[in-house]
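Novice: Before anything else, here's the structure in question.
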Amino acid sequence: MLDKSDIHSRLEAPVLKDYGVYLAVDRLLACQKPLADLVTPDELQFQIVHQVEELWMKLAAFTLAEVDEHLRGGQIMRAITLFGRVHMLLRMMTDQLALIETMSPYDYQAIRLQLGNGSGQESPGFQLLLTLPAGLWDTYRAKYLEPQGRALTDIYDTGYTHDEAYMVAEALIEFDELFQKFRAHHIYLVHRSIGMGSKAISGRAVDLLDAGARHRFFPELWAIRAQMTDRWGAEYGVKRDSIRHGDAGHGSGV
Ligand code: HEM
């Protein structure tokens, strides 16, 4: 049988060797409520998931600042590698939301009482991340569009060579897509835990989260694909003949 109170006291007063000192494990483990004060055991995972997500957002924002510097300095390979790190962080952030879904809606109601007026809307990491894509887009334009007098259509379509300008643009749109996937999964989490018809702690209807999930950081990068498809449609027909033998006139339209 496990000795629960011994486990709790070792969690709250960890023995530190060099590893623990370097990583400040004592301070890290003190960032959650004292175990005796938890309103439900699920509150510990609720706090830890949010704190871990905040740390990943810190690393993502820090890394995007590095990416921007490398893009401006022409170190493209390094920028692409670091972009990959940010993409991985966003995927992990999204996957980790599922942890919270192991908590019952009933247990969450008790935790909700503890939050004051706080909501994820106030997350410093999230608020910072929301502001960064605009600066990255400026860098992209200054590096790949304006000096060469190029437009996205040159990079994606008429002058397509799968070059650096294309690779960096794809890294940007991947960030956009992954960020919105985080928001979309978070909306499902809200559906699961408090329901979408209810009012948020801030008093705002949670349905407004949908508006955030429809936002695009780099609308031009999304638009270029539609422009290419429309141009192609104008040339070959939006609706085409079927490729099935003897079934002319019913194009799939894809
Ligand atoms: C039981 C679990 C959760 C519930 C019920 C919940 C609920 C909500 C609600 C209702 C909002 C809208 C707030 C408002 O209108 O002021 C919101 C926003 C937000 N929450 Fe959560 N949340 C949960 C877990 C999480 C987790 C684990 C994260 C991780 C970081 C998170 C991050 C966010 C963020 C970033 C926003 C702002 C989203 C945006 O503006 O698109 N939430 N949450």
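Novice: Along the Cα-to-Cβ line of Arg216, 7 Å from the Cα, sits a label point; which residues in the range 148-189 have backbone N less than 11 Å from it?
Specialist: Under 11 Å, as judged by backbone N against the label point of Arg216, lie 177 of the range 148-189.
Novice: Relative to the first principal axis of the alpha-carbon coordinates of the chain, what is the inclination of helix 76-100, with its axis defined by its Cα atoms, in degrees from 0 to 90 and to the nearest 10?
Specialist: 50 degrees
Novice: Limiting things to C-alpha atoms, what are the Rg and the maximum Cα-Cα separation (Dmax) for the chain, in angstroms?
Specialist: In Å, with Rg to one decimal and Dmax whole: 23.9, 77.
Novice: Now for a different question. Quick one: if the Förster radius is 25 Å, what FRET efficiency do Val52 and Tyr188 give, using the C-beta to C-beta distance and rounding to 0.05?
Specialist: Working: r = 19 Å, r/R0 = 0.76.
With R0 = 25 Å, the Cβ-Cβ based efficiency is 0.85.
Novice: Against the longest alpha carbon principal axis of the chain, how many degrees, from 0 to 90 and to the nearest 10, is the axis of helix 219-236 turned?
Specialist: It works out to around 30 degrees.
Novice: With a Förster radius of 30 Å, plug the Cβ-Cβ distance of Thr158 and Lys239 into 1/(1 + (r/R0)^6) and report the FRET value to the nearest 0.05. If you can, show how the numbers build up before the last one.
Specialist: Details: r = 25 Å, r/R0 = 0.82.
The formula returns an efficiency of 0.75 here.
Novice: A follow-up question, please. For helix 164-193, report the angle its Cα long axis makes with the longest principal axis of the Cα atoms of the chain; keep it between 0 and 90° and round to the nearest 10°.
Specialist: Tilt relative to the chain: about 50 degrees.
Novice: Still on this structure, I have one more. How high is the relative contact order of the range 39-235, given as a whole-number percent (alpha carbon pairs under 8 Å, six or more residues apart)?
Specialist: Working: 159 pairs, mean separation 51.1, N = 197.
Normalised by residue count, the contact order of the range 39-235 is 26 percent.
Novice: Based on the Cβ-Cβ distance from Arg225 to Asn117, what FRET efficiency comes out when R0 is 51 Å, to the nearest 0.05?
Specialist: Approximately 0.80, to the nearest 0.05.
Novice: Order by neighbour count: His162, His185, His8, fewest other Cβ atoms within 10 Å first, most last.
Specialist: His162, His8, His185
Novice: Right, something else. Around Arg240, which amide H atoms from residues at least 5 apart in sequence, or from another chain, sit under 5 Å from its own amide H, with H modelled in the peptide plane?
Specialist: Gly251, Ser252, Gly253
Each reported figure results from applying straightforward, stated rules to the coordinates on display, with no laboratory input. This one's a predicted model, so the numbers in the text were calculated from it and none came from an experiment. Please note: Cβ atoms are built from the backbone with ideal geometry, for glycine as well, and neighbour counts cover all protein chains shown.
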